[in-house]
1. Would you mind computing Rg(Cα) / (2.2 N^0.38 Å) for region 155-218, counting N as its residues?
2. Return the calculated 222 nm mean residue ellipticity for the chain, to the nearest 500 deg cm²/dmol, obtained by summing -39500 (n - 2.57) across DSSP H runs with n ≥ 4 and dividing by the residue count.
3. DSSP loop (so not H, G, I, E, B), at most 16 other Cβ within 10 Å: list which GluC sites (Glu not before Pro) in region 128-208 pass both filters.
4. Over the chain, calculate the relative contact order: mean separation of alpha carbon pairs under 8 Å at least 6 apart, over the residue count, as a percent.
5. Identify all aspartates and glutamates with a Cα-Cα distance to Lys216 below 16 Å; exclude those on the same chain that are fewer than 8 residues away in sequence.
6. Could you please report the charge total around Val288, scoring K, R as +1 and D, E as -1 over all other residues with beta-carbon less than 12 angstrom from its beta-carbon?
7. Determine ³J(HN,Hα), in whole Hz, for all residues of region 146-162 in sequence, where each value follows from phi through the Karplus function 6.51 cos²θ - 1.76 cosθ + 1.60 and θ = phi - 60°; x replaces Gly and Pro.
8. On a straight-distance basis, which lysines could pair with Lys277 in a cross-link, Cα separation under 26 angstrom, same-chain partners fewer than 8 positions away excluded?
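Only the coordinates and a few stated rules stand behind these numbers; no lab work does. Since we're looking at a predicted model, the values are computed, not measured. Every residue, glycine as well, gets a Cβ built from its backbone with ideal geometry; the counts of neighbours run over all protein chains shown.
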Amino acid sequence: MTTTQLFSVTSNTLQATSQEIQQIYHSPSRLHEYEWTVTPATRAPDGVEREMILVNGLFPGPILRARKGDSVKITIINRLPLFNQSTSIHFHGLHQRGTNSMDGVPGVTQCGIPSNDSLTYAFNLTQSGTFWWHSHSGMQRIDGVFGGLIVYDPEEHYVLGRDYDEEIFIVLHDYYHTPGWKNIEWYLSKDSTGYEPVPDGGLINGRGTANCDRLKHVTCTRGSTSRPTFTFERGKRYRLRILNASAISEINFSIDDHILRVIEVDSTEVEAAEVYKLTLSPGQRYSVIVEADSILKAVYMRARLQSTCFKYRPIGFDPDFTATIYYATPGFGQFFDHLVKRVAPQSVEWQDAIPPSECVDLDVSALKPLNPIAVPDAGMSIQISPKNMLLDRVYQAPYGFINRTSFMPAIGAPNLQVALGLVDAADTVMVPTVSARRNTKFWGGDQLVVDIPLGSVVELIINNSDEGEHPFHLHGHDFWVLRTYEEKHAGIGKWFPQYAAEYNLDNPIRRDTVTVPRLGHVVIRFIADSPGIWALHCHIAWHVAGGMMMQFNVAGVARDVVTEEMVEHCRVERELGSRLLRPLPGDAQRAKAGHKPMHDGSPSR
């Protein structure tokens, strides 16, 4: 395939100079064509070998840089070996207006791309800012199928060359020494007792160092990896685009001896706010501008997994992980820089340098978008209650629910194709339903799909009675965050109507991923102006895999957005039918007791 991509990443540093970015701004080409191949691989990002799934052999995967108004065509080639290892790509944060079928959610907008097959995603970039892409199939995201997506706009407020000189894409994420399929198999069983798999540590831009001396039963090679390094030139300003791509972990981020000037939240430009530390939930992004003004020769970039909600600690667990920023001196050449990089940083963490009371964390609720959009009155209100539950009927295995529905899509009948009359879910094999109900009459499987008239203003209230946070992501839309509440006393901080008087309607933050606090609630509002079927789900990998997902059916999708490739992939999936069914935990025990298996759609006895 001929490629017209403007920026090719061959390393994991993801640092772009002003010249490289200017090429994107000024190139006459407006079409970016890519060919990405998904393959299994064995890698050791922190020294411990494990099975991974990579795109074009890169970890993190390729980064896509383009301009607002450009068109993108990405052909995904699935080289995963097993017949049931389909794949997909979701472009997180992109609205996909007019291209709902390109949203990349199996069971919702498409069927997975079968092994040894391909699919071309084609869409226009109508937004600008910091986004990312990742697989929405199984545990592939946490096994390595993700990467960055940056869209530039000559009319954006913070301009290259005036407000910053270079940029670096920073990918933070938790990391597991065990492949995703093993972790989810354990989690969705009675053996986990509802405890989510806890990561072994964290990586920055796909690199870290494990302590081999503390690890057993793994192949760990000392000195085979190193922590990432970055180069600052004194006097320059650097825009850091920071992503949390974690499976479960909220992450704290800081740079010793440097203040972070926040300018972007989930692709929304904001009035600049200076802080010492950032906190990011899975799926969230921030841009900060950092002045290279330290007198030190090297400093630490620090990240820390928020481990307060972890139910146990793996052997060798280390929540802290770092990178090193070295200062280069203009005019001294590469040899001098090489000598500087031998110097270990002598910097200390902010909380050790100043009193903790003065170490300012980001207050997201205080941030103001640079381009105010008046919050319209809501035309409809929806309340949902996400919940992780241990079910007796599946022998105490944990599943995720929204309003007592645990997402189980129909096989070979994604909801978009069902809505367009391209397939009848009733003609597909019945799937297991952990709620023990029969499959949904129209959509198939066990699904919560709420119909929304096009153009409606929707107020969504999310009540969280779980002991842990839920970072919720809405596909196809940004939303205003009107209220966030965490119950710090005994009880559950459920929403009540009188709280409407406390909403922040004065240019509140707009984003696409919001953290619903433990035992608390969040109120968001959005305009359903993008036709299609759009997922809303917790972005903790274990929770969404356990069923914590619902959808909004916004009327008005055109039939021609579904390609022949997609129709064919669903035909293949329907032919596989029951071969794709996985027994629910407890089916073997139920059979011994003389009960029916869960996956015939029959109520439990």
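1. 1.79
2. -2500 deg cm²/dmol
3. Within region 128-208, the qualifying GluC sites (Glu not before Pro) (loop, at most 16 other Cβ atoms within 10 Å) are Glu155.
4. Once divided by the residue count of the chain, the mean separation gives 14 percent.
5. Qualifying aspartates and glutamates at Cα under 16 Å: Asp46, Glu49, Asp200, Asp318.
6. Combined, the nearby Lys, Arg, Asp and Glu give +1.
7. Computed from phi, the couplings for region 146-162 are 7, x, x, 9, 10, 10, 8, 9, x, 9, 5, 6, 8, 10, 4, x, 10 Hz.
8. Lys277 reaches Lys236, Lys297, Lys311, Lys341, Lys368, Lys488.
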